[in-house]
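Engineer: This is the structure I want to talk about, given as structure tokens.
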Amino acid sequence: MKTIAENYDGVLFAYGASRDKKLGIPGEDLHGVVSARAFVGWYNGLPEYENLNPDLQSGDTAVIIGQGNVALDVARILLAPLDVLRQTDISEQAIEALSKSRVTDVKVIGRRGPLQAPYTIKELRELLHMPGVGFAAPPEGWEDLIGVNRKQLPRQLKRISELLEKGSKTPMEQAQKAWQLGFLRSPVEFLSSDGKDLNAVGFERTEYVAEPASVLPKDDGPALSGPPAAMNALRDLRVRSTGSKAKVDASLAFRSVGYQSEALAGFDDLGIPFDQKLGIIPNDMHGRVISPDRGPIAGLSAAHVPGMYCAGWVKRGPTGVIASTMDDAFHSADIIMKDWEDNVRFNEIGDGETRGGWDAVKKEVEQRGIRSVSWADWEKIDAVERKRGQEKGKVREKVRGVAEMLKILDG
Ligand code: NAP
């Protein structure tokens, strides 16, 4: 890390979130409990998850805990017809395993309600329109679960409620596979009869801390121009446990409760702090890395670590879709430009005289006997993947392991 910092005027950290959050409940390590992040890595052909071998054959029901877009991604892969999947760049290994899958029933379960779940309209619609896949309405009924007259809902939430109530394009009677959203259930344990394999997921039922309709601001305007206050009030509505238990039998469960960034080795040497609780590099919201060790300066309790910037999930936490993360990266890049033009102090690591850039870093890496992979190398692997994909009528066929990637480069 020091070598990188010494050789540049500035460093921007945009390395995202490399860990998934754990639930911290009994049974989380049972066979059959799978991290959604690992599963996504596996079907996308990430070398790290090549040997995941998710057990798709022990039962027909899969439970997904959490209701974000990653949960919907996992549900989509479990439910999608094979001919739909074959047109994507999903790995052959995953297609092979999914073709033998017995899973026909997917339950995506959240601890809050339909208007609090973080899924987005586009991803919900995609799943509801999936050919041959039915959507079962929750037993409580939408009206009770939503708890607000649809006319009073802000536009975005109104669209979500309409979409959910309309259900799937394929009627349940005609569906080969089906999914369901379960609400107001917080996971408390993973159960097993033999101490090895998952048999069921135990939940505690929850309830809203306040009636949803009661949290709407009093002077609410017409629904079409629904003020963000109503949206935020409903989105932020919390739940509490009722103490009543519920159990869902399943041999497969995915933990999909969000991601977390980690500090990089070497941060301490560079004076870069890391907020373990929020899982972010502390910053001024524009992407300038700030440290309390640098304050108080001009009344600030923390100030900019010269030359250090961040963007994306490691700056704001793991939220937002690709477009919002891109906007955030553009903003951080603009801030670097602005600081440069304003003659703000940049990196102070090293002597400041010789900033050798990539050439110097590469040299150092080679001296240490570490193999580097260049952009041109990446392009070579990319070309092979595309060619292999073309032969199979798909966008690309990913190279599975690092050893094979290096073989392509050396061959
Ligand atoms: P997420 O959107 O933050 O959703 C996390 C889910 O886990 C929520 O339902 C949350 O419930 C629940 N949860 C968290 N802690 C829990 C606990 N202890 N017990 C029970 N439930 C818990 O996370 P994500 O799905 O991993 O997605 C991460 C980001 O990637 C999101 O911004 C997402 O939109 C984005 N993404 C986008 C796409 C796309 O654009 N197509 C695809 C994949 C991911 P609460 O709300 O109650 O906390």
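The values are calculated or read from the model by the stated rules, or taken from the named source; none is laboratory data. Quick caveat: nothing in here was measured; it's all calculated off a predicted structure. Heads up, the Cβs are rebuilt from the backbone with ideal geometry, glycines too, and the neighbour counts pull from every protein chain shown. Side chains are part of the model used for accessible areas, which takes the heavy atoms of the whole protein and leaves out ligands, DNA and RNA. Shrake-Rupley method; radii C 1.70, N 1.55, O 1.52, S 1.80 Å.
Engineer: Residue check: is residue 234 surrounded by 16 or more Cβ atoms within 10 Å (Cβ to Cβ), at positive phi and within 16 Å of the ligand (Cβ to nearest atom)?
Structural biologist: Numbers: surrounded by 16 or more Cβ atoms within 10 Å (Cβ to Cβ): yes; at positive phi: no; within 16 Å of the ligand (Cβ to nearest atom): yes.
In short, no.
Engineer: Something else now. For segment 321-357, how many residues meet the condition of being open to solvent by 50 Å² or more (accessible area, probe 1.4 Å) and either of a type in the set (A, V, I, L, M) or within 16 Å of the ligand (Cβ to nearest atom) (or both)?
Structural biologist: 7
Engineer: Residues being assigned to a loop (DSSP other than H, G, I, E, B), touching a helix residue (DSSP H, G or I) at 6+ places or on another chain (Cβ under 8 Å) and either among the aliphatic types (A, V, I, L, M) or open to solvent by less than 40 Å² (accessible area, probe 1.4 Å) (or both): count how many of those fall in segment 28-51.
Structural biologist: 1
Engineer: Just checking: which of the helices (runs of 4 or more DSSP H) contained wholly in segment 299-411 hold 3 or more residues that are at pLDDT 95 or above, at negative phi and of a type in the set (D, E, K, R)?
Structural biologist: 322-341, 375-391
Engineer: Taking segment 123-145, which residues are within 16 Å of the ligand (Cβ to nearest atom) and part of a helix (DSSP H, G or I)?
Structural biologist: Listed by number, the residues that qualify are 123, 124, 125, 126, 127, 128, 145.
Engineer: How many residues does segment 6-52 contain that are among the small types (Gly, Ala, Ser) and within 18 Å of the chain's Cα centre (by Cα)?
Structural biologist: 9
Engineer: Right, here's the next one. Might you check whether a residue that is within 16 Å of the ligand (Cβ to nearest atom) and closer than 30 Å to residue 213 by Cα occurs anywhere in segment 71-89?
Structural biologist: yes
Engineer: Looking at the structure I just gave you, is residue 240 surrounded by fewer than 18 Cβ atoms within 10 Å (Cβ to Cβ) and within 16 Å of the ligand (Cβ to nearest atom)?
Structural biologist: Values: surrounded by fewer than 18 Cβ atoms within 10 Å (Cβ to Cβ): yes; within 16 Å of the ligand (Cβ to nearest atom): yes.
For residue 240, the condition - surrounded by fewer than 18 Cβ atoms within 10 Å (Cβ to Cβ) and within 16 Å of the ligand (Cβ to nearest atom) - is met.
Engineer: When you scan segment 171-220 for strands (runs of 3 or more DSSP E) that lie fully inside it, which ones turn up with 1 or more residues that are open to solvent by 20 Å² or more (accessible area, probe 1.4 Å), among the charged types (D, E, K, R) and modelled with pLDDT under 95? Step through it out loud before you land on a result.
Structural biologist: Numbers: elements: 177-182, 185-191, 200-208.
Of the strands (runs of 3 or more DSSP E) lying wholly inside segment 171-220, none has at least 1 residues that are open to solvent by 20 Å² or more (accessible area, probe 1.4 Å), among the charged types (D, E, K, R) and modelled with pLDDT under 95.
Engineer: Related question: Within segment 101-122, count every residue that is open to solvent by 10 Å² or more (accessible area, probe 1.4 Å), under 23 Å from residue 322 (Cβ atoms) and more than 8 Å from the ligand (Cβ to nearest atom).
Structural biologist: 1
Engineer: Based on this model, can you work out whether residue 40 counts as closer than 25 Å to residue 129 by Cβ and either basic (Lys, Arg) or within 12 Å of the ligand (Cβ to nearest atom) (or both)?
Structural biologist: Working: closer than 25 Å to residue 129 by Cβ: yes; either basic (Lys, Arg) or within 12 Å of the ligand (Cβ to nearest atom) (or both): yes.
Here the answer is yes, as residue 40 does meet what is asked.
Engineer: Residue 151 - would you say it is away from the ligand (no atom under 15 Å from the Cβ), more than 20 Å from residue 42 (Cα to Cα) and open to solvent by 40 Å² or more (accessible area, probe 1.4 Å)?
Structural biologist: yes
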